[in-house]
C-alpha cells in the first residue's frame, strides 16, 4: 500500500490522506477507511519472470477462464489442507469438516455431471494425444448438450466419445471409432449411434473424412519418414483424380497409399505390419493397393521395388 500522488479529499471526513491499496486495487482514506474507488486498473510495469517461483510472486492476474473445467476455473471451495486445523479447537475442527461435507452436497447436479464428464474428457485427450483446441471445443459442445437436455437418459461417456469423434474430424485430426472405443472402453456401435443423434440435435454437419488427413498419424505410427508421407499424399491426390478412392473407406485407402509410398521410397513395410498397426485387414490393403497401382499405371514399378 502506498500514498496516492493526487490531492483528492475524502468526502466522508475531509482528510487528504488518500492511499492506494495495490493488493485490492482500491483507493481509500487512511483516516476513516472509506473506499473512494474500487476495481482500479494497475498501469504500472509488468515484471518479467524467469522461473515458476518468480512468476507466482509477480503475477497480478488469476488463471484464464477455460471451458475444460465445469466452473470455468473460477469457483472456490473449502480448502483440503489439514495443516491449519491443528491450530484450532476440536469443536472448530468438527465444524470445518461439516462445512466441507455440506459444501460438496450443495453442488448442483449439473455441475457434478460436468465435473465427471470433463475429467473423463481430460483422460481421453491425454490418451489420444490431442490438442488443446480440440479439448476446449469438445468441452463447449458438451456444455451445449447439457443445456439442451440431450444428456438426460444417456451415458455420459458415450456422449463425450461421440463429440470427441466429431470434433477430431472437424479439426482435421481424425481418430477412428476403434481407437476411441479402445481408449474409452465404450462399444463403437454405441459411440456411432450417439454420434448420429448428437450431430442431428446440435446441427453439426460433418463432411466425410479424407484419407489424406490420416496420413501424418499413420505414418508416425509406422515410423515412416516425411518423404514417404508426402509421397503417400501425392498418390492419394492422383488416385482421387482417377476416381479410385470414391466410396472407399478413408482408413483403408490411406493405409494402402502409405504401403505403396514406403515401397517406392525404399522404406518397405509388409502389408501385415501396416494392417496390424493401423487396425485394418490385409485383404482391405491388398484390394485398395491393386486398384490404386493399376489406375495410376505404377503396377510394374511397385512390383519391381517389392522384389528388391
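Considering region 267-286 alone, what residues qualify as being in contact (Cβ under 8 Å) with a residue 12 or more places away in the chain and assigned to a helix (DSSP H, G or I)?
So in region 267-286, the residues in contact (Cβ under 8 Å) with a residue 12 or more places away in the chain come out as 267-269, 271, 273-275, 277-280, 284-286.
Once the filter is applied, which keeps residues that are in contact (Cβ under 8 Å) with a residue 12 or more places away in the chain and assigned to a helix (DSSP H, G or I), region 267-286 yields 271, 273, 274, 275, 277, 278, 284, 285, 286.
If a residue must be part of a loop (DSSP other than H, G, I, E, B) and either touching a strand residue (DSSP E or B) at 6+ places or on another chain (Cβ under 8 Å) or modelled with pLDDT under 80 (or both), how many such residues does region 26-48 contain? Qualifying residue count, region 26-48: 13.
Restricting region 100-126 to residues that are more than 20 Å from residue 144 (Cα to Cα) and in the same structural domain as residue 138 (by TED's automatic domain parsing) leaves a set whose member that is surrounded by the fewest Cβ atoms within 10 Å (Cβ to Cβ) is 126. In region 127-139, which residues are surrounded by 14 or more Cβ atoms within 10 Å (Cβ to Cβ) and farther than 21 Å from residue 185 by Cα? Selection gives 136, 137.
Filtered by the rule that a residue be under 22 Å from residue 277 (Cα atoms) and in a helix (DSSP H, G or I), region 172-190 gives 177, 178, 179, 180, 181, 182, 183, 184, 188, 189. Scanning region 271-294 for residues that are over 34 Å from the mean Cα position of the chain (by Cα) and surrounded by fewer than 20 Cβ atoms within 10 Å (Cβ to Cβ) turns up 283, 286, 287, 290, 291, 294.
Among the listed residues 253, 215, 233, which satisfies the condition of being within 27 Å of residue 304 (Cα to Cα), surrounded by fewer than 23 Cβ atoms within 10 Å (Cβ to Cβ) and touching a residue at least 12 places away in the same chain (Cβ under 8 Å)?
Working: 253 fails: surrounded by fewer than 23 Cβ atoms within 10 Å (Cβ to Cβ); 215 fails: surrounded by fewer than 23 Cβ atoms within 10 Å (Cβ to Cβ).
Selected residue: 233, the only one of 253, 215, 233 that is within 27 Å of residue 304 (Cα to Cα), surrounded by fewer than 23 Cβ atoms within 10 Å (Cβ to Cβ) and touching a residue at least 12 places away in the same chain (Cβ under 8 Å).
Being in contact with a helix residue (DSSP H, G or I) (Cβ under 8 Å, 6 or more places away or on another chain), assigned to a helix (DSSP H, G or I) and at pLDDT below 90 holds for only one residue in 114, 150, and it is 114. Of the residues making up region 114-131, those that are without any contact (Cβ under 8 Å) to a residue 24 or more places away in the chain and under 15 Å from residue 143 (Cα atoms) number 1.
The values are calculated or read from the model by the stated rules, or taken from the named source; none is laboratory data. In this text the structure is predicted, and so the values were computed from the model without any measurement. Positions of Cβ are generated from backbone atoms using ideal geometry, with glycine treated the same way; all protein chains shown enter the neighbour counts.
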